[in-house]
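The values are calculated or read from the model by the stated rules, or taken from the named source; none is laboratory data. Small disclaimer: the values here were computed from a predicted structure and weren't measured. Reconstructed Cβ throughout: ideal geometry from the backbone, glycine too, with neighbour counts over all protein chains shown. The area values use the complete protein model at the heavy-atom level, side chains included, leaving out ligands, DNA and RNA. Shrake-Rupley method; radii C 1.70, N 1.55, O 1.52, S 1.80 Å.
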Amino acid sequence: MTSIDVQHYSMLIGGERVDTDDTMTIINPADESVVATVAKGTATHIDAAVAAAKSTFESGAWSGKTPQERAQIMRAIAAAANDQVEELVELEMSANGATVRQATGFHVGYALAHFNFFADLADTYQFVRPAPVVSFPALAQSVVHREPLGVVGAIAPWNFPLLLTLWKVGPALAAGNSVVVKPDEHTPLSMLKFAEIAEANGLPRGVLNVVPGDGRDAGARLASHPDVAKIAFTGSTQIGREIMKLASGTVKEVTLELGGKGPSIVLDDADLDMAVDGVLYGCFTYSGQICESGTRAIVPRELHDEFVSRLIERAKTIVVGAPDDWDTDMGPVINAKQQARILSYIDGAKAEGATVALGGGKPDGIDRGFYVEPTILANVDNSMTVAREEIFGPVLSVIAYDTEDEAVAIANDSEYGLAASVWTRDNARGLAVADAVQCGSVWINDAHQINAQVPFGGYKQSGIGRELGPDALDEYTQAKAVHLDLSGGRDAKPYDILLSHADD
Ligand code: NAD
């Protein structure tokens, strides 16, 4: 593993490294050490980045390339990034505390594979779509062009800095747009590195600009900038609402990937060995800081106590520790504020009548870093705060149900609708429950399965639009219908509706 000295990172605007006197300090959540300093961009830097992106877009340096040329360059970028995978993993891990296993397989592994997926889409996407020839009201042919939008703004959270940013940058670039990225203030390093790799491997200057900075300053300017055609945002539902308001001033396109409160529905015929492991995997992976985590285990009342005992027994084997140790299962949470917030949710659950069956505090024997024990709350009612609000920490709430209909009703009784899992030995039952659940993704006998071939996104207040999937470029293009008259003469056309006496 490469070790990173405290290093300074500049912004990337129009192919230039840009610095400021004001810097942000990146702290390692595992030991509170300083990882790096980063130039802090403001609204003024966003303006410069949007101007650079707009001018590059208009120059045709990228937008004018054929989709196949774009695909080729994107594949070269992914290959070069893959050659530097260890550094990218280190940059992710040291800033957001993901374990080396998660950072390698999920945070960076998926990111580069998905970037290649978007390169393939550039190759196969139908940018020009002929419509059937019509003879009424006159012989004509229409052709639908899917054109790039122009400048796309991407605002990303800290939990998957590279992956969730490339879910926006990948399809935007494949479609020919230019992009300005505003990474989260805690985790801009991996995306700055990726942008550097991209420019070194054929991406024209100014196509991909990265401006780290505060959400309320740089982020808000990007979301409201008149020259930005679309904002693609991943983050909390609360900020998602803000983004919609900011984008409305110039009627921008918006995609929002927001929060979740995922149900893991255990049916009474489930293979309990698998369901116990699967529910823990669904909730505690990356310390519960995944939007699609299964944070509500919904279990048959008659199995509640046995299921909780099995969860406890298995969860005690989860190794909590240093993220860079390949034996560590669970690392820290992102920062001290979030650690305190998670612990206060646990206190609140106790006050509301839930039982802390496991964990509930900071782990013994770790004095530095922002750790929270894997925590299991039993006897939770779906009306409790802990079952309604997104905690974004390693806290699993176990909720009992009496009938399958009630299980589905509890699952759906949430303002969120991002992802769910169903645990059963009977595929037909699993599929029937999947039909009834109001979520954008449902995994039967699995969790966290992010397949680039299928769309990802939320029902209800978990978001608007979808990322990934075969139609991913639709979100980064707009349709232009071009009508070509084939009738060849004035008399063949319905002009007489207006002009019947024109020759009189
Ligand atoms: P957040 O909403 O606080 O911040 C996300 C980004 O928005 C950051 O870059 C931040 O700087 C920026 N921002 C903040 N205020 C802004 C403003 N007023 N204008 C413009 N930008 C602003 O979210 P977070 O705490 O970083 O991330 C955790 C949240 O993200 C959770 O709610 C989680 O569920 C959600 N999430 C969703 C998905 C998904 O795909 N649905 C994936 C990962 C995370």
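Below is a table of values for the structure above.
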{"quantity": "The stretch 41-89 and the stretch 322-380: distance between their alpha carbon centers, rounded to Å", "calculated": "39"}
{"quantity": "Helix axis angle, 111-124 relative to the chain longest principal axis, alpha carbon, degrees", "calculated": "30"}
{"quantity": "Diffusion coefficient, µm² s⁻¹, Stokes-Einstein with Kirkwood Rh over alpha-carbon pairs of the stretch 28-123 at 4 °C and 1.567 mPa s", "calculated": "82"}
{"quantity": "Average Cα contact separation per residue, the stretch 262-444, under 8 Å, 6 or more apart, as relative contact order %", "calculated": "29"}
{"quantity": "Net charge dipole size for the stretch 194-248 [Lys, Arg +1 and Asp, Glu -1 on Cβ; Debye, nearest 20]", "calculated": "240"}
{"quantity": "Ordering of 440-452, 134-146, 361-373, 229-241 by burial proxy (mean other Cβ atoms within 10 Å per residue, highest first)", "calculated": "229-241, 440-452, 361-373, 134-146"}
{"quantity": "Relative contact order for the chain, counting Cα pairs under 8 Å that sit 6 or more residues apart, in percent", "calculated": "18"}
{"quantity": "Part-to-part distance (alpha-carbon centres) for the stretch 102-178 and the stretch 259-292, which is given in Å", "calculated": "31"}
{"quantity": "With Cα atoms, 0 to 90° folded angle of helix 189-200 axis to the chain main axis", "calculated": "30"}
{"quantity": "All lysines inside 29 Å of K252 as judged from Cα atoms, apart from same-chain residues fewer than 8 positions distant", "calculated": "K40, K54, K65, K168, K182, K193, K230, K261, K460, K480"}
{"quantity": "Viscosity 1.002 mPa s, 20 °C: Kirkwood-radius Stokes-Einstein D of the stretch 262-444 over Cα pairs, µm²/s", "calculated": "132"}
{"quantity": "Share of carbon and sulfur in the accessible heavy-atom surface of the stretch 262-444 [1.4 Å probe, %]", "calculated": "46"}
{"quantity": "Listed peptides 54-60, 11-17 by packing density, highest first (mean Cβ within 10 Å)", "calculated": "11-17, 54-60"}
{"quantity": "The chain - charge dipole about Cα centre, Lys and Arg +1 at Cβ, Asp and Glu -1, debye rounded to 20", "calculated": "1140"}
{"quantity": "Accessible surface, per residue, of the chain when the full set of protein chains is kept, probe 1.4 Å, Å²", "calculated": "40"}
{"quantity": "Lys/Arg +1, Asp/Glu -1 at C-beta; the stretch 262-444 dipole; positive extreme among V276, S397, S309", "calculated": "S397"}
{"quantity": "Tilt relative to the chain, helix 304-315 - C-alpha long axis, 0 to 90 degrees, to 10", "calculated": "90"}
{"quantity": "Cβ-based charge dipole, the chain, positive-most Cα from N159, Q453, G170", "calculated": "G170"}
{"quantity": "Inverse of mean 1/r across different Cα pairs in the chain, Kirkwood, Å", "calculated": "24.1"}
{"quantity": "The stretch 413-493: Rg to Rh, with Rh as the Kirkwood radius over Cα pairs", "calculated": "1.32"}
{"quantity": "Helix-only CD estimate at 222 nm, as mean residue ellipticity for the chain, using -39500 (n - 2.57) per DSSP H run (n ≥ 4)", "calculated": "-10500 deg cm²/dmol"}
{"quantity": "Dipole magnitude (debye, nearest 20) for the stretch 262-444, charges at Cβ of Lys, Arg, Asp, Glu", "calculated": "580"}
